[in-house]
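A.B. asks: Can you read through this structure? Questions will come right after.
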Amino acid sequence: GSGGLSVASGAAQLGLDVVLFERGEMGGDCLNYGCVPSKALLNVAHAMQTIRTASDLSIDVGTPRVNWEGVKAHIKSVIAEIAPVDSQERFEGMGVNVVRETARFINEKTIASESVEVEARRIVIATGSKAVVPPVDGLKDRPYWTNENIFDIPELPEHLLILGGGPIGMEMAQSFRRLGSEVTVIEPGNLLSRDDPESVAVVVDRMEAEGVMFVRGKAAKVVPGALGSFTLSLEDGQEIAGTHLLLATGRKARVEGYGLEEIGVALGRNGIAVDERRRTSLKHIYAIGDCREGPRLTHVSGYEGSNVALEITLGLPTKV
């Protein structure tokens, strides 16, 4: 992802030997499941809304219809256009040794995958985060979607229910509504709770005017219905019927399965505990981006990666 790639490119270009382990897609969440596909979808939705409201300017264009397979192809083409920048080939060209395997610590200074074992002076953990799956009764018995697979959803949802009114939930709500889906956002707290309330009010007013429905409450149970539909019961007794369910209730740091606790790396409430220089409890090991406690944004991860690369290569303590 953006954090690990920033460290790898910076350190390699400054002369260090660098080994990068990546078991999934190069580019991480931003390229494959986040910023890039979501903004491509938003762009299509914006075009749909422009056409839909053209009559306000006395332009008669009829009723626009969405080719969902074409939209998905467009999203994949945008990812493919950017992918070479984050590719294995590009980073190997910088001198980075890229290993496409799962890796874990076997001691404080050694990481091993299936075919490679590396002892290192400095180690950076940039394993990212994943969508939180809330403890809702019956959820495991029906299909649900997250940011990691919503862009491959087979059909345009008839009625999309979204759990969570944060940035991911809200941008997907407006996108799918503009593309023609009925959309209901369920949020127990404040919508876009980290943002300025007056600005949030403007966003909510606009989305409600476009037909997005907002329900305050906490999901308690999912009850299957006929022909793939379902009913979502809330703790206060409300019931909402839908055809598709998107989980956008937050992010959970990826810290399991890497041997962190075995070697003594301290964990916080949601991620690896770090100091202001992004050092873990073992000072030669750093944790950056979504896997550590703190703000979770692509640009924050890249910024931290650049600073940590400078500290490791030049020995300059860099606060982030």
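A.B. asks: With respect to Leu314, determine if the residue is hydrophobic (A, V, I, L, M, F, W, C) and without any contact (Cβ under 8 Å) to a residue 24 or more places away in the chain.
C.D. replies: Numbers: hydrophobic (A, V, I, L, M, F, W, C): yes; without any contact (Cβ under 8 Å) to a residue 24 or more places away in the chain: no.
The answer is no for Leu314.
A.B. asks: Can I ask one more? Could you look through region 72-125, keep only residues that are touching a residue at least 12 places away in the same chain (Cβ under 8 Å) and small (Gly, Ala, Ser), and pick out the one that is nearest to Cys35 (Cα to Cα)?
C.D. replies: Ala83
A.B. asks: Would you pick out the residues in region 175-208 that are crowded, with 21+ Cβ neighbours inside 10 Å, touching a helix residue (DSSP H, G or I) at 6+ places or on another chain (Cβ under 7 Å) and assigned to a helix (DSSP H, G or I)?
C.D. replies: Result: Ser175, Arg178.
A.B. asks: Every residue in region 14-28 that is surrounded by fewer than 18 Cβ atoms within 10 Å (Cβ to Cβ) and at positive phi, please.
C.D. replies: Gly15
A.B. asks: Quick one: would you say Ala209 is hydrophobic (A, V, I, L, M, F, W, C), out of contact with any Lys or Arg (no Cβ under 8 Å at 6 or more places or on another chain) and at pLDDT below 95? Even if it seems obvious, please write down each step before you answer.
C.D. replies: Numbers: hydrophobic (A, V, I, L, M, F, W, C): yes; out of contact with any Lys or Arg (no Cβ under 8 Å at 6 or more places or on another chain): yes; at pLDDT below 95: no.
No; evaluated as a whole, the condition is false for this residue.
A.B. asks: Here are some conditions: (1) modelled with pLDDT of 95 or more; (2) more than 19 Å from the chain's Cα centre (by Cα). Glu311 meets all but one. Which one does it not meet?
C.D. replies: The failed condition is (1).
A.B. asks: Return yes when Lys76 is closer than 17 Å to Pro154 by Cα, outside any loop (DSSP other than H, G, I, E, B), charged (D, E, K, R) and open to solvent by less than 80 Å² (accessible area, probe 1.4 Å) and no when it is not.
C.D. replies: In short, no.
A.B. asks: Also, quick follow-up: Please note which strands (runs of 3 or more DSSP E) are completely contained in region 209-320 and include at least 2 residues that are open to solvent by less than 50 Å² (accessible area, probe 1.4 Å), closer than 24 Å to Ile168 by Cα and among the aliphatic types (A, V, I, L, M). Walk me through it before giving the result.
C.D. replies: Details: elements: 213-216, 219-224, 230-234, 239-242, 244-247, 251-253, 285-287.
Result: 219-224, 230-234, 244-247.
The values are calculated or read from the model by the stated rules, or taken from the named source; none is laboratory data. Here the structure is a predicted model, which means the values were calculated and not measured. Don't worry about glycine lacking a Cβ; one is built from the backbone with ideal geometry, like all the others, and counts go over all protein chains shown. Just the protein is used for accessible areas: all its heavy atoms, side chains included, with ligands, DNA and RNA removed. Shrake-Rupley method; radii C 1.70, N 1.55, O 1.52, S 1.80 Å.
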